[in-house]
Amino acid sequence: MEQPVMGGDDYIISAERLEKTYPGNLKALDDFTVRVKRGEVVVVVGPSGSGKSTFLRCLNGLEEIDSGSITVDGIPLDDREEHRLEIRREVGMVFQAFNLFPHMTVLENVNLAQQLVRRRSRSEATEFSLALLDKVGVSEKARVYPDALSGGQQQRVAIARALALMPKVMLFDEATSALDPEMIGEVLDVMRSLAGEGMTMVVVTHEMGFAREVSDRVVFMEQGRIVEEAATATFFTAPARKRTRDFLRQIL
(Lines give C-alpha, C1' and ligand atoms only; values in the text may rest on other atoms or scores of the structure.)
Protein backbone atom coordinates (compact mmCIF):
# COMPACT_ATOMS: atom_id res chain seq x y z
CA MET A 1 0.00 0.00 0.00
CA GLU A 2 1.37 3.40 -0.90
CA GLN A 3 2.27 5.42 2.15
CA PRO A 4 0.93 8.96 2.65
CA VAL A 5 3.18 11.88 1.81
CA MET A 6 4.69 13.46 4.93
CA GLY A 7 5.66 17.00 5.75
CA GLY A 8 9.17 18.32 6.01
CA ASP A 9 9.99 17.96 9.72
CA ASP A 10 12.12 14.90 10.49
CA TYR A 11 10.13 14.12 13.64
CA ILE A 12 6.55 13.11 13.01
CA ILE A 13 5.90 12.61 16.76
CA SER A 14 7.20 14.88 19.49
CA ALA A 15 6.09 14.11 23.03
CA GLU A 16 7.73 16.59 25.38
CA ARG A 17 7.94 16.35 29.17
CA LEU A 18 4.65 14.52 29.58
CA GLU A 19 3.11 14.22 33.03
CA LYS A 20 0.14 11.99 33.77
CA THR A 21 -1.13 11.04 37.22
CA TYR A 22 -4.12 8.81 37.91
CA PRO A 23 -6.31 9.00 41.04
CA GLY A 24 -4.48 7.70 44.06
CA ASN A 25 -1.35 9.62 43.08
CA LEU A 26 -0.34 6.90 40.61
CA LYS A 27 2.23 8.52 38.32
CA ALA A 28 1.86 6.95 34.87
CA LEU A 29 4.13 9.39 33.00
CA ASP A 30 6.84 11.39 34.74
CA ASP A 31 8.82 14.00 32.77
CA PHE A 32 8.53 11.72 29.74
CA THR A 33 10.03 12.83 26.42
CA VAL A 34 10.14 10.79 23.20
CA ARG A 35 10.53 11.86 19.59
CA VAL A 36 9.88 9.56 16.63
CA LYS A 37 11.26 10.09 13.14
CA ARG A 38 9.30 9.48 9.97
CA GLY A 39 9.45 5.87 8.94
CA GLU A 40 10.97 4.82 12.26
CA VAL A 41 9.82 1.80 14.25
CA VAL A 42 10.11 2.44 17.98
CA VAL A 43 9.38 -0.37 20.42
CA VAL A 44 8.45 0.50 24.00
CA VAL A 45 9.14 -2.14 26.64
CA GLY A 46 9.03 -2.38 30.40
CA PRO A 47 7.36 -4.14 33.31
CA SER A 48 3.59 -4.08 33.78
CA GLY A 49 2.35 -0.73 35.08
CA SER A 50 5.33 1.20 33.77
CA GLY A 51 3.19 3.59 31.68
CA LYS A 52 3.67 2.08 28.22
CA SER A 53 0.00 1.87 27.26
CA THR A 54 -0.74 5.24 28.83
CA PHE A 55 1.89 6.82 26.59
CA LEU A 56 0.26 5.36 23.47
CA ARG A 57 -3.20 6.41 24.55
CA CYS A 58 -1.99 9.94 25.21
CA LEU A 59 -0.51 10.15 21.71
CA ASN A 60 -3.92 10.14 20.06
CA GLY A 61 -5.89 11.86 22.80
CA LEU A 62 -7.58 8.83 24.35
CA GLU A 63 -5.98 9.89 27.64
CA GLU A 64 -5.49 13.48 28.72
CA ILE A 65 -2.04 14.58 29.84
CA ASP A 66 -1.68 16.74 32.92
CA SER A 67 1.17 18.76 31.43
CA GLY A 68 3.68 18.69 28.62
CA SER A 69 3.00 18.75 24.88
CA ILE A 70 2.32 16.34 22.03
CA THR A 71 2.71 17.19 18.35
CA VAL A 72 1.93 14.81 15.49
CA ASP A 73 3.09 15.80 12.00
CA GLY A 74 3.13 19.45 13.02
CA ILE A 75 -0.34 19.37 14.60
CA PRO A 76 -0.45 20.10 18.35
CA LEU A 77 -2.68 17.87 20.43
CA ASP A 78 -4.37 20.69 22.29
CA ASP A 79 -7.89 21.72 23.24
CA ARG A 80 -8.94 22.52 19.67
CA GLU A 81 -11.36 19.85 18.47
CA GLU A 82 -10.22 20.14 14.85
CA HIS A 83 -6.66 19.31 15.90
CA ARG A 84 -7.79 16.26 17.86
CA LEU A 85 -9.91 15.00 14.98
CA GLU A 86 -7.06 15.48 12.50
CA ILE A 87 -4.63 13.59 14.73
CA ARG A 88 -7.09 10.72 15.19
CA ARG A 89 -7.49 10.53 11.41
CA GLU A 90 -3.74 10.34 10.92
CA VAL A 91 -2.87 8.01 13.81
CA GLY A 92 -4.13 4.44 13.63
CA MET A 93 -4.22 2.36 16.78
CA VAL A 94 -4.50 -1.39 17.36
CA PHE A 95 -5.36 -2.54 20.88
CA GLN A 96 -5.03 -5.80 22.80
CA ALA A 97 -8.76 -6.36 22.34
CA PHE A 98 -9.90 -6.52 18.74
CA ASN A 99 -12.90 -4.18 19.25
CA LEU A 100 -14.65 -5.28 16.06
CA PHE A 101 -18.38 -4.62 15.79
CA PRO A 102 -19.95 -8.08 16.20
CA HIS A 103 -23.11 -7.20 14.26
CA MET A 104 -21.14 -6.15 11.15
CA THR A 105 -19.30 -8.34 8.69
CA VAL A 106 -15.55 -8.05 8.36
CA LEU A 107 -15.98 -5.93 5.24
CA GLU A 108 -18.48 -3.62 6.95
CA ASN A 109 -16.09 -3.19 9.90
CA VAL A 110 -13.31 -2.04 7.59
CA ASN A 111 -15.63 0.11 5.45
CA LEU A 112 -17.22 2.04 8.29
CA ALA A 113 -14.56 4.61 9.21
CA GLN A 114 -13.71 5.21 5.55
CA GLN A 115 -17.30 6.20 4.83
CA LEU A 116 -17.74 8.26 8.00
CA VAL A 117 -14.33 9.94 8.24
CA ARG A 118 -12.88 9.93 4.72
CA ARG A 119 -16.31 10.33 3.09
CA ARG A 120 -15.67 7.57 0.58
CA SER A 121 -18.60 6.06 -1.25
CA ARG A 122 -19.54 2.51 -0.36
CA SER A 123 -18.06 1.19 -3.59
CA GLU A 124 -14.79 3.11 -3.07
CA ALA A 125 -14.55 1.93 0.53
CA THR A 126 -15.29 -1.66 -0.45
CA GLU A 127 -12.61 -1.71 -3.13
CA PHE A 128 -10.00 -0.37 -0.71
CA SER A 129 -11.16 -2.64 2.13
CA LEU A 130 -10.87 -5.76 0.00
CA ALA A 131 -7.32 -4.77 -0.98
CA LEU A 132 -6.44 -4.27 2.70
CA LEU A 133 -7.99 -7.57 3.74
CA ASP A 134 -5.95 -9.27 1.04
CA LYS A 135 -2.87 -7.49 2.33
CA VAL A 136 -3.35 -8.85 5.85
CA GLY A 137 -4.30 -12.31 4.57
CA VAL A 138 -8.01 -12.55 5.39
CA SER A 139 -9.70 -11.52 2.14
CA GLU A 140 -11.68 -14.79 2.09
CA LYS A 141 -13.35 -13.74 5.37
CA ALA A 142 -14.77 -10.45 4.06
CA ARG A 143 -18.41 -11.55 4.23
CA VAL A 144 -18.36 -13.33 7.58
CA TYR A 145 -18.92 -11.96 11.08
CA PRO A 146 -16.11 -11.52 13.63
CA ASP A 147 -17.25 -14.39 15.86
CA ALA A 148 -16.46 -16.80 13.01
CA LEU A 149 -12.79 -15.75 13.06
CA SER A 150 -9.85 -16.89 15.14
CA GLY A 151 -8.20 -14.36 17.42
CA GLY A 152 -5.33 -13.89 14.99
CA GLN A 153 -7.73 -13.30 12.13
CA GLN A 154 -9.72 -10.78 14.16
CA GLN A 155 -6.56 -8.86 15.03
CA ARG A 156 -5.52 -8.78 11.37
CA VAL A 157 -8.94 -7.36 10.52
CA ALA A 158 -8.42 -4.75 13.27
CA ILE A 159 -5.11 -3.81 11.62
CA ALA A 160 -6.83 -3.52 8.23
CA ARG A 161 -9.49 -1.30 9.79
CA ALA A 162 -6.82 0.99 11.25
CA LEU A 163 -5.01 1.12 7.90
CA ALA A 164 -8.22 1.97 6.04
CA LEU A 165 -7.86 5.65 6.95
CA MET A 166 -4.33 5.66 5.46
CA PRO A 167 -2.75 6.87 8.71
CA LYS A 168 0.69 8.41 8.89
CA VAL A 169 1.46 6.62 12.17
CA MET A 170 0.42 3.24 13.55
CA LEU A 171 0.33 2.55 17.29
CA PHE A 172 0.23 -1.04 18.53
CA ASP A 173 -0.64 -1.64 22.18
CA GLU A 174 0.42 -5.22 22.92
CA ALA A 175 -1.46 -6.35 19.84
CA THR A 176 -0.54 -10.01 20.32
CA SER A 177 -0.94 -10.38 24.08
CA ALA A 178 -4.54 -11.66 23.88
CA LEU A 179 -3.71 -14.30 21.26
CA ASP A 180 -2.97 -17.97 21.56
CA PRO A 181 0.74 -18.62 20.93
CA GLU A 182 0.18 -20.20 17.50
CA MET A 183 -1.69 -17.10 16.31
CA ILE A 184 0.93 -14.55 17.34
CA GLY A 185 3.15 -15.12 14.32
CA GLU A 186 0.50 -14.26 11.76
CA VAL A 187 -0.10 -10.85 13.36
CA LEU A 188 3.61 -10.13 13.74
CA ASP A 189 4.07 -10.96 10.04
CA VAL A 190 1.61 -8.19 9.12
CA MET A 191 3.44 -5.77 11.41
CA ARG A 192 6.78 -6.75 9.85
CA SER A 193 5.32 -6.05 6.42
CA LEU A 194 4.17 -2.58 7.49
CA ALA A 195 7.59 -1.80 8.95
CA GLY A 196 9.21 -2.95 5.71
CA GLU A 197 7.04 -0.53 3.76
CA GLY A 198 8.24 2.41 5.84
CA MET A 199 5.23 2.93 8.09
CA THR A 200 6.02 4.95 11.20
CA MET A 201 5.20 2.66 14.12
CA VAL A 202 5.26 2.88 17.91
CA VAL A 203 4.84 -0.60 19.35
CA VAL A 204 4.30 -1.69 22.94
CA THR A 205 5.12 -5.39 23.04
CA HIS A 206 6.60 -8.24 25.05
CA GLU A 207 7.73 -9.96 21.85
CA MET A 208 11.46 -9.37 22.14
CA GLY A 209 12.29 -11.32 18.99
CA PHE A 210 10.06 -8.99 16.98
CA ALA A 211 11.54 -5.94 18.70
CA ARG A 212 15.06 -7.08 17.93
CA GLU A 213 14.29 -7.87 14.30
CA VAL A 214 12.08 -4.97 13.25
CA SER A 215 12.61 -1.93 15.47
CA ASP A 216 15.06 0.90 14.91
CA ARG A 217 15.06 1.97 18.54
CA VAL A 218 13.92 0.64 21.90
CA VAL A 219 12.60 2.68 24.82
CA PHE A 220 12.66 0.95 28.22
CA MET A 221 10.22 2.41 30.75
CA GLU A 222 9.68 1.95 34.45
CA GLN A 223 7.40 3.91 36.82
CA GLY A 224 6.49 6.38 34.09
CA ARG A 225 10.06 7.34 33.25
CA ILE A 226 12.55 6.35 30.59
CA VAL A 227 15.25 4.16 32.08
CA GLU A 228 17.09 3.69 28.80
CA GLU A 229 16.61 4.57 25.15
CA ALA A 230 18.96 3.20 22.49
CA ALA A 231 19.31 1.88 18.97
CA THR A 232 18.04 -1.69 18.90
CA ALA A 233 21.39 -3.41 18.46
CA THR A 234 22.90 -1.43 21.32
CA PHE A 235 19.90 -1.98 23.57
CA PHE A 236 20.07 -5.76 23.27
CA THR A 237 23.84 -6.26 23.14
CA ALA A 238 25.30 -3.46 25.27
CA PRO A 239 22.66 -1.82 27.50
CA ALA A 240 24.10 0.99 29.58
CA ARG A 241 21.93 0.63 32.70
CA LYS A 242 21.98 -2.16 35.25
CA ARG A 243 18.17 -2.03 35.47
CA THR A 244 17.97 -2.64 31.72
CA ARG A 245 20.38 -5.55 31.95
CA ASP A 246 18.32 -7.06 34.79
CA PHE A 247 15.11 -6.67 32.77
CA LEU A 248 16.59 -8.30 29.68
CA ARG A 249 18.02 -11.14 31.74
CA GLN A 250 14.52 -11.91 33.03
CA ILE A 251 12.75 -11.94 29.65
CA LEU A 252 15.33 -13.25 27.17
Per residue, how large is the accessible surface of the chain? Use a 1.4 angstrom probe and give square angstrom. 46 Å²
Put Ser193, Ser50, Ser123 in order of accessible area, largest first, 1.4 Å probe: what do you get? Ser123, Ser193, Ser50
Computed over the chain, the relative contact order (Cα-Cα under 8 Å, seq sep at least six) in percent reads 26 percent
Please give, to one decimal in nm, the separation of the simple spin-label points placed at Leu130 and Leu112, each 7 Å out from Cα toward the Cβ. 2.2 nm
Starting from the Cα-Cα distance between Asp10 and Ser150, subtract it from 0.36 nm times their residue separation and give me the gain in nm to one decimal. 46.5 nm
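At 222 nm, what value in deg cm²/dmol follows for the chain if DSSP H runs of at least 4 each add -39500 (n - 2.57) and the sum is divided by all its residues, to the nearest 500?
Details: 9 runs with 96 residues, N = 252.
Roughly -11500 deg cm²/dmol at 222 nm, from the helical runs in the chain.
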Roughly what % antiparallel, to the nearest 5, for the DSSP beta bridges in the range 113-252? 55 percent
Once Lys and Arg get +1 and Asp and Glu get -1 on their Cβ, which of Val106, Gly74, Gly137 lies farthest toward the positive end of the dipole of the chain? Gly137
Which three lengths, in whole Å and largest first, does the range 111-239 cover when its Cα atoms are put on their principal axes? 52, 31, 27
Once Rh is set to the Kirkwood radius over Cα pairs, what Stokes-Einstein translational diffusion coefficient, in µm²/s, holds for the range 162-238 at a temperature of 10 °C and a viscosity of 1.306 mPa s? 117 µm²/s
Would you be so kind as to identify which of Ala158, Thr176, Ser14 lies farthest towards the positive end of the dipole of the chain, taking Lys and Arg as +1 and Asp and Glu as -1 on Cβ and the Cα centre as origin? Thr176
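Kindly state, to the nearest 0.05, the FRET efficiency for Glu197 paired with Ala231, given R0 = 35 Å and r defined as their beta-carbon distance.
Numbers: r = 21 Å, r/R0 = 0.60.
So the FRET efficiency works out to roughly 0.95.
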Rg(Cα) / (2.2 N^0.38 Å) computed for the range 82-128, rounded to two decimals: 1.25
Rounding to the nearest 20 debye, state how big the charge dipole of the range 20-63 is about its Cα centre with +1 on each Lys and Arg Cβ and -1 on each Asp and Glu Cβ. 140 debye
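Assigning unit charges at the beta carbon (Lys, Arg +1; Asp, Glu -1) and nothing else, what dipole magnitude in debye, to the nearest 20, does the chain show about its Cα centre?
On the way: 31 positive and 38 negative charges, 37 e Å.
Charge dipole of the chain: 180 debye, to the nearest 20.
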Could you give log10 I(q)/I(0) at q = 0.14, 0.21, 0.23, 0.27 Å⁻¹ for the range 107-159, computed by the Debye formula over C-alpha point scatterers of equal weight, without solvent? -0.32, -0.69, -0.81, -1.04
Could I have the simple spin-label model distance between Arg243 and Ala178, label points 7 Å from Cα toward Cβ, reported in nm to one decimal? 3.0 nm
How big is the charge dipole of the range 106-242 about its Cα centre, in debye rounded to the nearest 20, if each Lys and Arg gets +1 on its Cβ and each Asp and Glu gets -1 on its Cβ? 500 debye
So His83 and Tyr22, fully extended at 0.36 nm per residue minus their Cα-Cα distance, gain in nm 19.5 nm
Alpha-carbon centroid distance for the pair the range 209-252 / the range 120-152, whole angstrom: 36 Å
Just tell me the longest site-free run in the chain, where the sites are GluC sites (Glu not before Pro) in a DSSP loop having at most 12 other beta-carbon atoms within 10 Å. 65-196
Can you give the FRET efficiency for Asn99 and Asp189, using 1/(1 + (r/R0)^6), R0 = 30 Å, r = Cβ-Cβ distance, to the nearest 0.05? 0.90
Note on the range 112-252: contact order normalised by length, alpha-carbon pairs under 8 Å, 6 or more apart, percent, works out to 16 percent
Fraction of alpha-carbon pairs over 22 Å apart in the range 6-137 - percent: 49 percent
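What do you get when you divide the Cα radius of gyration of the range 158-197 by 2.2 N^0.38 Å, with N the number of residues?
On the way: Rg = 10.6 Å, N = 40, 2.2 N^0.38 = 8.9 Å.
Dividing the Cα radius of gyration by 2.2 N^0.38 Å gives 1.19.
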For the chain, share of DSSP beta bridges that run antiparallel, in % to the nearest 5: 55 percent
Over the C-alpha atoms of the chain, what are the Rg and the largest Cα-to-Cα span, Dmax, in Å? 18.0, 56
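The values are calculated or read from the model by the stated rules, or taken from the named source; none is laboratory data. Quick caveat, the model's predicted, so the values are computed rather than measured. We place every Cβ from the backbone using ideal geometry, glycine too, and count neighbours over all the protein chains shown. For accessibility, only protein heavy atoms count, side chains too; no ligands or nucleic acids. Shrake-Rupley method; radii C 1.70, N 1.55, O 1.52, S 1.80 Å.
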